[in-house]
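Participant: Input: one structure, supplied below.
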Amino acid sequence: MTDEQGTSGAVLVVGGGISGLTAALETAEVGNDVFLIEKSPCFGGRVSQLNQYFPKLCPPSCGLEINFRRVKENRGIRTYSMTTVKSVTGEAGNYEVTLEIAPRYVNSNCTACGACSAACPDEVANEFNFGMDMRKAAYLPHEMAFPRRYVIDKDALSPAGAEAVVAACKYGAVDLDMQPETVVIQVGSIIWATGWNPYDPAKMDNLKYGQSDAIVTNMMIERMASPNGPTSGKILRPGDNKEPESIAFVQCAGSRDENHLEYCSSVCCMATFKHMTYVREQYPDAQIYVFYIDLRTPGKYEKFREQRMADEKATFIKGKVADIIIEADGGVTVVAEDALTGNKKNQKVDMVVLATGMQPSFATGAPVGLEVDSNGFIISDFNKGMIAAGCAKKPVDVVTTTQSSTAAALKAIQISRRSN
């Protein structure tokens with residue numbers, strides 16, 4: 001066990017996505033010590049999986065790179081990847097937090113040369129690309145990974161694979177005997193920036209996810225369109241790599257449904273309009289169909305919506321999808337009732353994109369002492385110095401996430417000043 005002494009004004013930021021990075025930087029740049037932890041092997045969160053932000057449609061890589069550089073240059077921020085909170089004791093201004101660091105099986109000698117991955121014979125589905133391709137058991141999570149250090153999935157490593165990755169590393173960086181580590185820190189407040197997960201589309205039986213390669217999710221389309229994605233930026237139907245001549249978007253896939261997510265997930269309509277842009281750039285003649293309950297693009301996003309709805313090859317159907325029929329030729333037929341005409345709509349397409357909702361990471365349970373609402377979103381308790389930020393607090397887009405995280409940082413700084 002290691003003790004890392006912070007000050008009474010030190011802040012723990014849990015979660016290393018865009019929310020956590022923003023909160024950590026804003027807090028540290030006014031002089032507070034910050035511990036920034038992330039449970040996965042690298043920082044960047046969901047934003048690192050995106051191809052472009054809306055509405056400007058610029059890649060997130062530049063924003064993340066700037067934040068990573070700021071974190072590396074700020075001596076007030078201590079970063080811990082593959083790390084989770086095991087316990088929290090104390091009170092606002094004086095918390096003792098026990099962290100557990102999972103073994104990476106690659107030490108700080110790693111130069112990210114890739115020799116271990118090249119030598120590794122073992123492959124598993126790549127979770128970063130939602131299983132659309134394979135990765136090695138020794139791997140770099142993605143090309144912008146920070147820290148830029150390989151990680152070994154020991155559970156996926158065969159005895160022959162273990163021997164190969166150890167032999168391949170000339171720097172002695174592979175250490176398959178690493179054990180979990182425990183670190184105890186002292187902080188004044190905690191910012192919970194634990195982010196979100198895509199809602200599991202397999203829970204919606206009528207949408208047939210997993211039963212046809214033609215049925216994908218909005219995040220899968222995001223990865224396909226990304227230059228570093230499984231198809232090198234090309235939107236193709238998984239399985240047979242067909243270039244889609246028609247594509248349907250199914251809105252509110254799980255959201256605004258008392259049997260799944262009772263709330264609006266906020267970003268799904270805008271994400272679909274963004275994905276329409278991706279499709280149109282690659283396939284000028286493709287037919288696009290959007291099945292929706294309501295289209296929600298408030299404020300500054302209205303113009304973005306108007307431009308996409310002016311597409312002559314796009315059809316918008318106000319109606320909730322009742323069923324998706326799998327066809328023998330690899331395509332599917334989307335079945336819905338048009339709420340405006342009352343007519344039943346059967347639309348055959350090459351691909352379907354399910355606009356799955358945002359579910360908070362703590363939907364399945366929160367740490368002891370942390371209060372969450374009925375949907376798993378964290379409720380801030382300023383008296384306790386427990387502050388929610390970004391999508392841990394509510395479903396929001398990237399811009400609103402950074403604003404929320406700046407506000408959380410300000411509150412954490414206020415609490416630290418008050419406790420001194």
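The values are calculated or read from the model by the stated rules, or taken from the named source; none is laboratory data. None of these values were measured; they are calculated from a predicted model. Reconstructed Cβ throughout: ideal geometry from the backbone, glycine too, with neighbour counts over all protein chains shown. For the accessible areas, the whole protein counts, side chains as well, though only heavy atoms, and no ligand, DNA or RNA atoms are used. Shrake-Rupley method; radii C 1.70, N 1.55, O 1.52, S 1.80 Å.
Participant: As an exercise, identify the trypsin sites (Lys or Arg not before Pro) in the range 37-84 lying in DSSP coil whose Cβ has no more than 15 other Cβ atoms within 10 Å. Walk me through the numbers before you get to the answer.
Facilitator: Values: sites: Lys39, Arg46, Lys56, Arg69, Arg70, Lys72, Arg75, Arg78; in loops: Lys39, Lys56, Arg75.
Qualifying residues, ordered by number: Lys56, Arg75.
Participant: Tabulate in residue order the Karplus-calculated ³J(HN,Hα) for the range 322-334, using 6.51 cos²θ - 1.76 cosθ + 1.60 with θ = phi - 60°, rounded to whole Hz; enter x for Gly and Pro.
Facilitator: 8, 7, 10, 9, 7, 9, 5, 7, x, x, 9, 10, 8
Participant: Here is a follow-up. Separation between the Ile326 and Asp294 pseudo-spin-labels, each 7 Å from Cα along Cα→Cβ, expressed in nm?
Facilitator: A separation of 3.5 nm, rounded to one decimal place.
Participant: Additional query: Please sort by residue number the GluC sites (Glu not before Pro) in the range 318-420 whose DSSP state is loop and whose Cβ has at most 14 other Cβ atoms within 10 Å. Spell out each step's value before the answer.
Facilitator: Working: sites: Glu327, Glu337, Glu371; in loops: Glu327, Glu371.
Within the range 318-420, the qualifying GluC sites (Glu not before Pro) (loop, at most 14 other Cβ atoms within 10 Å) are Glu327, Glu371.
Participant: Using a simple spin-label model with points 7 Å from Cα along the Cα→Cβ vector, what separation in nm is obtained for Glu65 and Arg418?
Facilitator: Placing both labels 7 Å beyond Cα along the Cβ direction yields 4.1 nm.
Participant: Provide the gained length on full extension for the span Leu410 to Lys344, in nm with one decimal, where the gain is 0.36 nm per separating residue minus the Cα-Cα distance. Mind showing how you got there, number by number?
Facilitator: Values: separation 66, 0.36 × 66 = 23.76 nm, distance 5.23 nm.
So the chain would gain 18.5 nm between Leu410 and Lys344.
Participant: Residue separation times 0.36 nm, minus the C-alpha to C-alpha distance between Ala160 and Asp175: what's the value? Each step should come with its number before you reach the end.
Facilitator: Working: separation 15, 0.36 × 15 = 5.40 nm, distance 1.53 nm.
Full-extension gain reported as 3.9 nm.
Participant: Residue by residue through the range 229-240, which ³J(HN,Hα) values in whole Hz follow from phi under the Karplus form 6.51 cos²θ - 1.76 cosθ + 1.60 (θ = phi - 60°), with glycine and proline marked x?
Facilitator: Calculated HN-Hα couplings, in order: x, x, 10, 6, x, 9, 7, 9, 6, x, x, 10 Hz.
Participant: Let me ask you something else. Amide H to amide H, which residues 5 or more places from Lys320 or on other chains are under 5 Å from it, using H placed in the peptide plane?
Facilitator: Correct list: Glu337.
Participant: Next up: When ligands, DNA and RNA are left out and all protein chains stay put, how many square angstrom of accessible area per residue does the chain have with a 1.4 Å probe? Kindly include the intermediate steps, with their values, before the conclusion.
Facilitator: On the way: 18400 Å² over 420 residues.
With all protein chains present, the chain gives 44 Å² per residue.
Participant: Using only the Cα atoms of the chain, build the gyration tensor, take square roots of its eigenvalues as a ≥ b ≥ c, and label the shape rounded, prolate or oblate: rounded if a/c is under 1.5, else prolate if a/b is larger than b/c, else oblate.
Facilitator: Working: a/c = 2.13, a/b = 1.39, b/c = 1.54.
Oblate, because a/c is 1.5 or more while a/b does not exceed b/c.
Participant: Would you mind classifying the range 1-115 by shape? Square roots of the alpha carbon gyration tensor eigenvalues, ordered a ≥ b ≥ c; an a/c under 1.5 is rounded, otherwise it is prolate if a/b is larger than b/c and oblate if not.
Facilitator: Working: a/c = 1.93, a/b = 1.33, b/c = 1.45.
It is oblate, given that a/c is not under 1.5 and a/b is not larger than b/c.
Participant: Now for a separate question. Counting DSSP beta bridges in the range 248-339, what percent are antiparallel, to the nearest 5? Before the final figure, lay out the partial values.
Facilitator: Numbers: 5 of 13 bridges.
Restricted to the range 248-339, the bridges split so that about 40 percent are antiparallel.
Participant: For the chain, what is the percent of antiparallel DSSP beta bridges, rounded to the nearest 5?
Facilitator: Numbers: 38 of 74 bridges.
Approximately 50 percent, going by the DSSP bridge assignments.
Participant: Over 5 Å intervals from 0, what percent of Cα-Cα pairs in the range 58-165 sits in each interval?
Facilitator: In whole percents, the pair-distance histogram is 2, 10, 15, 18, 18, 14, 11, 7, 3, 1, 0.
Participant: Could you list the trypsin sites (Lys or Arg not before Pro) in the range 183-234 that lie in coil according to DSSP, counting only those with at most 16 other Cβ atoms within 10 Å of their Cβ? Mind showing how you got there, number by number?
Facilitator: Details: sites: Lys203, Lys208, Arg223, Lys234; in loops: Lys208, Lys234.
The qualifying sites are Lys234.
Participant: Give me the percent of the accessible area of the range 1-141 that comes from carbon and sulfur atoms, probe 1.4 Å, all protein chains in place. Spell out each step's value before the answer.
Facilitator: Numbers: 2850 of 5950 Å².
The C+S portion of the solvent-accessible surface of the range 1-141 is 48 percent.
Participant: For the chain, what's the relative contact order in percent, using C-alpha pairs closer than 8 Å and at least 6 residues apart? Mind showing how you got there, number by number?
Facilitator: Numbers: 940 pairs, mean separation 85.0, N = 420.
Normalised by residue count, the contact order of the chain is 20 percent.
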